[in-house]
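A.B. asks: There's a structure below that I have some questions on.
Nothing in this text is a laboratory measurement; each read-out follows from the coordinates by a stated rule. Every value quoted in this text rests on a predicted model; they were computed, and no experiment measured them. Neighbour counts run over all protein chains shown; Cβ positions are idealised from the backbone, glycine included.
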Amino acid sequence: MLIKKPSDIRSSEITPKELYQTRRQFIKTAGMAAGAAVGVGVLTKGAAVLHAVQPAAHRAKLPNVKPNPAMSNTNGEVKNTWEQITTYNNYYEFGIDKNDPAELSRNFKTDGWMVDVSGECAKKGKYSIDDILKGETVEERVYRHRCVEAWSMVIPWDGIPLSNFIKRCEPTGKATHVKFSTALDTKQMPGVRSDVLDWPYVEGLRMDEAMHPLTILVVGLYGEPLPNQDGAPIRLAVPWKYGFKHVKSINKIEFVTKEPLNTWQRSAPNEYGFYANVNPMVDHPRWSQGTERRIGEFLKRRTLMFNGYADQVQSMYSNLDLKKKF
Amino acid sequence: MVDRTKVIRFVAKPIFFLAALGPAVYLTWAALTNHLSANPLSDVTNETGVWTLRFICITLLVTPLRNVTGWNALVRFRRMAGLYAFFYGTLHFLTYVILDRFAGLVDFPDGIVSLTTAHNLTTSIIGDIAMRPFITVGFTAFVLMIPLAITSTTGWIRRLGGKRWALLHRLVYATAIAGVVHYWWLVKADIRRPMIYGAIVAVLLGFRLVRKIRSVRVKAALRLKPDPTTIR
């Protein structure tokens with residue numbers, strides 16, 4: 001048996017010094033590149049990942065939706081699209097980025113939804129969506145929607161006046177306010193695992209605000225059932241107030257005897273109040289409320305007092321210092 | 001044979017240059033092809049801001065990484081990283097001027113291109129910087145980068161002298177802190193993201209502080225120790 005001796009290795013097979021040094025250099029460079037990649041990866045976690053999201057799938061139209069011509073006057077302003085309204089949402093239960101709700105609420109199940117009515121009223125109990133809509137005409141109303149973050153949309157909601165439902169609940173004379181809660185479903189709502197807000201999300205209205213004809217319980221959008229990211233199956237629209245008052249996916253309505261502490265006020269009382277009336281004269285402590293960007297437009301618009309609904313609502317606030325009660 | 005200086009100059013640096021340009025290219029493409037959210041103007045503003053902060057972090061990472069790994073070649077990427085921070089910071093400032101201030105003028109009584117518009121825009125920017133703390137601190141962070149960008153050339157290093165140049169460029173510490181504060185003050189409720197950057201900047205600046213304290217101690221110890229040659 002022939003055994004090759006080490007000397008049999010030809011000198012040409014020995015890696016030249018320059019080459020292995022280059023290899024070391026290469027390994028170092030590769031190491032640096034890998035390190036940089038990890039670094040960039042870590043930093044990427046520090047912001048929203050930008051990508052287009054799919055708008056809500058279309059579904060069969062709701063039966064018997066009637067446009068309300070008196071409530072469709074937006075001074076000729078153009079309605080925002082289905083895509084805009086269902087991909088750009090603040091709904092922290094499904095994540096803090098605007099495109100999170102569209103993605104993370106996709107499998108949210110709202111079958112058999114019940115709204116629990118309690119407090120100072122005669123007709124306490126659990127109401128299904130069908131119960132709530134019984135005998136009602138669902139109206140289409142085109143409302144301006146102004147977010148406290150200074151963007152806005154024009155949205156064709158389908159709903160019923162909240163006052164109709166409240167009357168059926170027969171609140172007692174002691175009830176001064178209505179408190180609403182969003183469902184808190186830790187299984188289906190990934191956003192509630194973070195403590196960014198106190199859950200469940202709570203909002204409230206004074207009784208006269210709740211009874212105002214502009215205040216509606218919304219069950220549809222563009223004539224279709226309300227998409228999950230917009231607060232399915234039932235939400236509030238109070239068009240003269242900032243969007244955070246428009247509580248979504250309501251599962252609890254309570255008639256109470258004092259002003260409820262709403263979630264955003266609890267989170268930052270110097271920035272968000274109970275009333276949250278749209279008011280260009282009272283700035284957010286950190287940004288101006290004098291103008292707003294309508295989604296889809298480049299130039300901003302001047303924000304209107306009470307979001308343009310002053311004629312209908314300002315009499316409710318004649319005795320209120322709007323600077324203090326923001 | 002392959003020269004490491006040449007590898008860095010002709011391979012690694014161009015790769016870094018192109019990679020760092022990536023976010024701007026992606027953002028432009030996404031904005032033009034409708035791949036951003038329903039509020040693309042807000043996305044562009046946010047993203048350019050976040051990328052400024054990221055490049056500030058990358059710039060600040062060079063020295064600690066070099067000290068830990070001994071890869072001195074890293075320092076050759078520092079200027080580019082810093083200039084990219086300035087690049088994204090400039091884009092961020094311009095988006096603020098155009099998308100926030102200019103678009104927020106609402107009225108253009110003498111037409112869009114007019115002295116009145118220029119005057120109103122200037123007043124609006126100055127007023128905003130003076131009135132809103134998170135803008136004040138963000139603007140400060142940006143302005144502090146300007147002298148650093150100007151004096152980033154080899155000529156300026158020579159003119160200032162290494163020590164004075166290094167001292168001047170410590171302004172980037174202030175930019176980093178102001179940048180984090182700017183981010184912290186603008187978010188609505190979720191401070192997790194600003195906190196991540198705050199933590200990174202704290203670690204990177206803390207590293208320097210610890211080293212500084214150590215070196216001062218070592219120097220002091222050396223001074224105390226009597227030189228054996230002078231012992232009588």
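A.B. asks: What are the residues whose amide H is under 5 Å from the amide H of residue A:72, where those residues sit 5 or more places off or on another chain and H is modelled from the backbone?
C.D. replies: Distant-sequence amide H within range of residue A:72: A:142.
A.B. asks: Tell me, what is the FRET efficiency for residue A:311 and residue B:174 to the nearest 0.05, using R0 = 51 angstrom and their Cβ-Cβ distance as r?
C.D. replies: 0.50
A.B. asks: Select from region A:187-250 those trypsin sites (Lys or Arg not before Pro) which occupy a DSSP coil region and have at most 13 other Cβ atoms within 10 Å, ordered by residue number.
C.D. replies: When the trypsin sites (Lys or Arg not before Pro) of region A:187-250 are filtered for loop state and at most 13 Cβ neighbours within 10 Å, A:187 remain.
A.B. asks: With N set to the number of residues, divide the alpha-carbon radius of gyration of region A:194-326 by 2.2 N^0.38 Å and report two decimals.
C.D. replies: Working it through for region A:194-326, the quotient is 1.08.
A.B. asks: Under a point spin-label approximation (7 Å from Cα along Cα-to-Cβ), what is the residue A:324-residue B:151 distance to one decimal in nm?
C.D. replies: The modelled label-to-label distance comes out at 5.3 nm.
A.B. asks: Could I have the simple spin-label model distance between residue B:122 and residue B:97, label points 7 Å from Cα toward Cβ, reported in nm to one decimal?
C.D. replies: For the pair residue B:122/residue B:97, the computed spacing is 1.3 nm.
A.B. asks: Sticking with this structure for a sec: Compute the distance from the alpha-carbon center of region B:128-201 to that of region B:78-114, in whole Å.
C.D. replies: That distance is 17 Å.
A.B. asks: For the protein assembly as shown, what ratio Rg/Rh do Cα atoms give with a Kirkwood hydrodynamic radius?
C.D. replies: 1.10
A.B. asks: Let me ask another. Could you pull out every residue, at least 5 positions away or on a different chain, whose amide H is within less than 5 Å of the one on residue A:224? Hs are placed 1.01 Å off N in the peptide plane, and Pro or chain starts have none.
C.D. replies: Result for residue A:224 returns A:62.
A.B. asks: If you don't mind, another one. If the limit is 25 Å between Cα atoms, which of A:126/A:187; A:167/B:188; A:187/A:252; A:79/A:258; A:126/A:258; A:248/A:300 go over it? Don't skip to the end; give the middle numbers.
C.D. replies: Values: A:126/A:187 22 Å; A:167/B:188 37 Å; A:187/A:252 19 Å; A:79/A:258 37 Å; A:126/A:258 23 Å; A:248/A:300 27 Å.
Over 25 Å apart, Cα to Cα: A:167/B:188; A:79/A:258; A:248/A:300.
A.B. asks: Provide the gained length on full extension for the span residue B:69 to residue B:26, in nm with one decimal, where the gain is 0.36 nm per separating residue minus the Cα-Cα distance. Walk me through the intermediate numbers first.
C.D. replies: Working: separation 43, 0.36 × 43 = 15.48 nm, distance 3.22 nm.
Working it through step by step, the gained length comes to 12.3 nm.
A.B. asks: Between residue B:6 and residue B:211, what's the calculated FRET efficiency when r is the beta-carbon distance and R0 is 25 Å? Round to 0.05.
C.D. replies: Between residue B:6 and residue B:211 the formula returns 0.20.
A.B. asks: Each residue of region A:184-200 in turn: what ³J(HN,Hα) in whole Hz from Karplus with 6.51, -1.76, 1.60 and θ = phi - 60°, glycine and Pro shown as x?
C.D. replies: Once θ is set to phi - 60°, the couplings for region A:184-200 become 10, 10, 5, 6, 9, 10, x, x, 6, 6, 8, 9, 4, 9, 7, 9, x Hz.
A.B. asks: A further question on this structure: Would you be so kind as to identify all helices of chain B, as entire DSSP H runs, whose Cα atoms reach 20 Å or more along the helix's own axis and whose mean Kyte-Doolittle hydropathy is at least 0.5?
C.D. replies: B:13-32, B:40-69, B:115-131, B:133-150, B:171-186, B:192-224
A.B. asks: Ignoring solvent entirely, what values of log10 I(q)/I(0) come out of the Debye formula for region B:66-161 at 0.15, 0.16, 0.23 Å⁻¹ when each Cα is a single scatterer?
C.D. replies: Results for region B:66-161 at q = 0.15, 0.16, 0.23 Å⁻¹ read -0.76, -0.81, -1.15.
A.B. asks: Please work out the C-alpha center-to-center distance from region A:103-150 to region A:53-100 and express it in whole Å.
C.D. replies: 15
A.B. asks: Further question: Expressed in nm to one decimal, what extension gain is obtained for the pair residue B:192 and residue B:134 from 0.36 nm per residue of sequence separation less their Cα-Cα distance?
C.D. replies: Stretched fully, the residue B:192-residue B:134 segment lengthens by 19.2 nm.
A.B. asks: Let me ask something additional. How shielded is B:29-39 by partner chains, expressed as the average number of their Cβ atoms within 10 Å of its Cβ atoms? Intermediate values should be presented prior to the final figure.
C.D. replies: Values: counts 0, 3, 1, 0, 1, 2, 3, 4, 13, 18, 9.
Mean partner-chain Cβ count within 10 Å for B:29-39: 5.
A.B. asks: Give the aspartates and glutamates reachable from residue A:174 as a straight Cα distance under 17 Å; neighbours fewer than 8 places away on the same chain don't count.
C.D. replies: Partners found: A:120, A:208, A:209, A:254, A:259.
A.B. asks: Then there is this: Rg (Å, one decimal) plus Dmax (Å, integer) for the alpha carbons of region A:176-221?
C.D. replies: In order Rg, Dmax, the Cα atoms of region A:176-221 give 13.8, 37 Å.
A.B. asks: Return the average number of partner chain Cβ atoms within 10 angstrom of each residue Cβ along peptide B:190-201.
C.D. replies: Shielding by partners across B:190-201 averages 3.
A.B. asks: Determine, from the Cβ-Cβ distance of residue A:79 and residue A:52 and an R0 of 22 Å, the FRET efficiency 1/(1 + (r/R0)^6), rounded to the nearest 0.05. Spell out each step's value before the answer.
C.D. replies: Working: r = 21 Å, r/R0 = 0.96.
Rounded to the nearest 0.05, the efficiency is 0.55.
A.B. asks: P(r) for region B:38-230, please, calculated from all Cα pair distances in 5 Å bins and given in %.
C.D. replies: Computed distribution, short to long bins: 1, 7, 12, 16, 16, 13, 11, 8, 6, 4, 2, 2, 1, 1, 0, 0, 0.
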